[in-house]
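Down below is the structure, laid out as structure tokens.
The values are calculated or read from the model by the stated rules, or taken from the named source; none is laboratory data. None of the values given here were measured: they were computed from a predicted structure. In this analysis, Cβ positions are derived from the backbone assuming ideal geometry, glycine residues included, and neighbour counts consider all displayed protein chains.
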Amino acid sequence: MKVEFKAVPLELKEANAFVETLHRHHLPVHRDKFRFGCVVDGTLCGVIQLARPVNRNLDDGRTIEVVRCCTDGTHNVCSFLYSRAARIAKEMGYQKIITYILESERGTSLKASGWQCEADRVGGGSWTTPCREREIVSSQLSLFEQKQKYSTEKKQRWVKSL
């Protein structure tokens, strides 16, 4: 039997509640440009959120970043969300879509959706810069002890030209 995926619009509050409940290592976002979910048999089984690129060097007005992709584990939902996000972004006039995954992740859904790994060992580490030092203290940690505000694992940047 073939499973039918349906894209549905979501409010930021709905998407963030889903991410807070199910995402393995990230907290909900404070804001985004747009987001939508994937419904199977009337049940929300995944969400994806897109925003301006976090890296200001990539924020050229023609690039958008997937800042959260979260599912309940339903097979192929990630691939559906990444593919649909790229299609919507293209329709909106974006020329490039990017996302980051942890180095420990394989990127199977991204490969299946036609994305390519553009860079390894990026991001992660400290947010401290010479002009703006940041000290991570216990008050900056999530209410959920297993999720820190800033991930320290290096990442891979994946990209798809639209």
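What are the pairs, 6+ residues apart or on separate chains, where a residue within segment 21-35 that is more than 18 Å from Asp59 (Cα to Cα) has its Cβ under 6 Å from a residue that is among the acidic types (Asp, Glu) and surrounded by 16 or more Cβ atoms within 10 Å (Cβ to Cβ)?
Final answer for the pair search is Pro28/Glu20.
Take the conditions surrounded by 14 or more Cβ atoms within 10 Å (Cβ to Cβ) and in a loop (DSSP other than H, G, I, E, B) and apply them to Tyr82. Does it pass?
It is false that Tyr82 is surrounded by 14 or more Cβ atoms within 10 Å (Cβ to Cβ) and in a loop (DSSP other than H, G, I, E, B).
Any chance you could count how many residues in segment 85-123 are assigned to a helix (DSSP H, G or I), surrounded by fewer than 16 Cβ atoms within 10 Å (Cβ to Cβ) and of a type in the set (Ser, Thr, Tyr)?
1
Can you tell me which condition Ile48 does not meet? The list is (1) of a type in the set (A, V, I, L, M); (2) modelled with pLDDT of 95 or more; (3) out of contact with any Leu (no Cβ under 7 Å at 6 or more places or on another chain); (4) buried (at least 18 other Cβ atoms within 10 Å of the Cβ), and all the others hold.
Here Ile48 clears every test but (3).
I'm trying to understand the selection: among the residues of segment 27-66, which are out of contact with any Phe, Trp or Tyr (no Cβ under 9 Å at 6 or more places or on another chain) and in a strand (DSSP E or B)?
Residues satisfying the conditions are Phe34, Arg35, Phe36, Thr43.
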